[in-house]
Structures are given as C-alpha cells and as structure tokens.
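Data first, discussion second: the structure below is written as structure tokens.
The values are calculated or read from the model by the stated rules, or taken from the named source; none is laboratory data. This structure is a prediction, so every number in the text was calculated from the model and none was measured. For neighbour counting, all protein chains shown are included, and Cβ atoms are generated from backbone atoms with ideal geometry for every residue, glycine included. Keep in mind that these areas ignore ligands, DNA and RNA; they rest on the heavy atoms of the full protein, side chains included. Shrake-Rupley method; radii C 1.70, N 1.55, O 1.52, S 1.80 Å.
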Amino acid sequence: MSQSSGPVVVSARNLAKSIVGPSGELSVLRDVSLEVMAGESVAILGASGSGKSTLLGLLAGLDRPSSGEISLAGQSLSMLNEDGRARLRAGKVGFVFQSFQLLPGLTALENVMLPLELLGRPADEVARDALARVGLSERLRHYPHQLSGGEQQRVAIARAFVARPAVLFADEPTGNLDESSGSQVTELLFSLNAEEGAALVLVTHDPALAARCNRRYKLIGGALQP
Ligand SMILES: Nc1ncnc2c1ncn2[C@@H]1O[C@H](COP(=O)(O)OP(=O)(O)O)[C@@H](O)[C@H]1O
Ligand SMILES: [Mg+2]
C-alpha cells in the first residue's frame, strides 16, 4: 500500500457516458475526473447501478466515453484505434472481473499466456511464474470448469498481472467467492499492488477493503465524491 508521487498512470477528465437502453437514453456518468498515480490504490464505492462497472470499463479502454478524455500510462485513448487500444490494454492494464471471464476453451496456463502472446513476448515461462505467484503451479493444465471459483479468480489475477501492467482494475473481484477464497484474492491484489508497484483501482462494497486503499471515492449521481 505504498503511496507514490510518481507518474500518473490513469488520467480521466470530464468523462460522460450515456447508454441507449430499452427505455431510451440513460446518462450513467455525467462528469468524472480522476488521476491515479503509479503504485497507489484507489477504492470506488457506490450503490448497485451507480455506474461503477461502466466507469472501470472506460478507464481500462474496454469501452469509449460519450465525451471526455482518458490517458493510460501517458497515452491518450482517443488517439488510438481498436487495435492500438487492445495493445495498450495488453501491456499496461490488468482487469479482474467479478465473473472471472476466463476463456473456457483454454487451460489456465494458456489463459495466462494470452496477454504476452498478444504483445509478441515470450510467454510460457513467464506465465508459469505468474501462476506460481498465485499458488496454482499444480493447475496449469486445468480448464476453467475444472477449477473452483477462487482458483478461477486467481488464474484471472495471474493473467491480469503477467505483463507487468501499470494498473490493475478489479471490479468486485470477490463478489462471487466465499469468504476464505475472497480474502485470498484480496490479499493477492494488495500484495501485487505493494510488491509489483501496479496501481490498484478497486470497486468494492466492503468498507474494510476500501479503508485499506490510499484513497476512496463514492459514485453518486454520475459523479465521484470523496
Ligand atoms: N449495455 C447496457 N445497456 C443498457 N443499460 C446499461 C448497460 N450497461 C449498463 N447499463 C445501465 O447503466 C447503469 C450503470 O450500470 P453499471 O455500470 O453496471 O453499475 P454498477 O457497476 O455500479 O452496478 C445501470 O442503470 C445499468 O442498468
Ligand atoms: Mg458493477
């Protein structure tokens, strides 16, 4: 949990996002600005439906804002096409979802190798090391359906940090886990933040987890409040 005054790894300015849904246009985010420095941890709280996942998707370059600007590791997302954004994501961003999102047809090892392969980097040994770091050296050849929820999430965490990203986004990463696997996952995320220096942006409902972060915000009415 070391707070650093190093470079800005995530910069979002005046983000707005409207979504056209079944009952017309919905303004999910109205005006969100946020800076995350290298190595720091930021918690995002907010009621269900307040736009937390939408915000994380924008910050990670998975989705595009209706207006506003986002930079990741100094690169402006609006200047990049879809391929450029995919490359930037693979190299600079790790994402851990509530629902794991592993590719079901790939083994644990193959899932973790994927970001490195996208970057054209040697993958096998580095991915094995990442799986060892999350305690899954004995599960390399298992497919996601052959793993417990906690194990699947640890594979997803290995995949998220295998390329040494500048920032890890975690969207309610323990929401589908029992208490003991959940706390394993939480400890892993905080230790990667502290030891590998990846900034951590964590969406959580748990005040105790939020308290462990360097800063906390609440998403209310489409804006971040301290
Ligand atoms: N693809 C979509 N189509 C229509 N509405 C959506 C879509 N994605 C999200 N929303 C709506 O946007 C709002 C914010 O959703 P979300 O970001 O998932 O909230 P949270 O993660 O805080 O629970 C919700 O009201 C949700 O119903
Ligand atoms: Mg959500």
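A few remarks follow.
- In the set (1) open to solvent by less than 20 Å² (accessible area, probe 1.4 Å); (2) over 23 Å from Gly222 (Cβ atoms); (3) touching a Gly at 6+ places or on another chain (Cβ under 9 Å); (4) within 13 Å of ligand 2 (Cβ to nearest atom), Val96 fails one condition alone, (3).
- Test: residue in the stretch 48-68 that is in contact with a helix residue (DSSP H, G or I) (Cβ under 7 Å, 6 or more places away or on another chain), open to solvent by less than 70 Å² (accessible area, probe 1.4 Å) and over 28 Å from Arg121 (Cα atoms): yes
- Residue in the stretch 184-199 that is open to solvent by less than 10 Å² (accessible area, probe 1.4 Å) and farther than 20 Å from Leu136 by Cβ present: yes
- Leu58, sole failed condition from (1) touching a residue at least 12 places away in the same chain (Cβ under 8 Å); (2) more than 16 Å from ligand 2 (Cβ to nearest atom): (2)
- Meets criteria (surrounded by 14 or more Cβ atoms within 10 Å (Cβ to Cβ), more than 19 Å from Ala210 (Cα to Cα) and at pLDDT 95 or above) for Val36: no
- Of the residues making up the stretch 20-41, those that are assigned to a strand (DSSP E or B), away from ligand 2 (no atom under 16 Å from the Cβ) and in contact (Cβ under 8 Å) with a residue 40 or more places away in the chain number 8.
- Scan of the stretch 80-107 for residues that are in contact with a strand residue (DSSP E or B) (Cβ under 9 Å, 6 or more places away or on another chain) and without any contact (Cβ under 8 Å) to a residue 12 or more places away in the chain, ordered by number: Gly84
- Summed over the stretch 41-78, the residues that are β-branched (Val, Ile, Thr) and away from ligand 1 (no atom under 13 Å from the Cβ) give a count of 2.
- Residue match in the stretch 10-17 (condition: out of contact with any Lys or Arg (no Cβ under 6 Å at 6 or more places or on another chain), assigned to a strand (DSSP E or B), within 16 Å of ligand 2 (Cβ to nearest atom) and modelled with pLDDT of 95 or more): yes
- Residue within the stretch 153-165 that is in contact with a helix residue (DSSP H, G or I) (Cβ under 6 Å, 6 or more places away or on another chain) and over 30 Å from Pro122 (Cβ atoms) present: no
- Lone unmet requirement of (1) out of contact with any Phe, Trp or Tyr (no Cβ under 9 Å at 6 or more places or on another chain); (2) not in a helix (DSSP H, G or I) for Ala208: (2)
- On inspection, Gly182 qualifies as outside any strand (DSSP E or B) and over 19 Å from Gly46 (Cβ atoms).
- Here Ala47, Ala73, Ala60, Ala12 are screened, and the one residue that is more than 12 Å from Val201 (Cβ to Cβ) and under 18 Å from the mean Cα position of the chain (by Cα) is Ala73.
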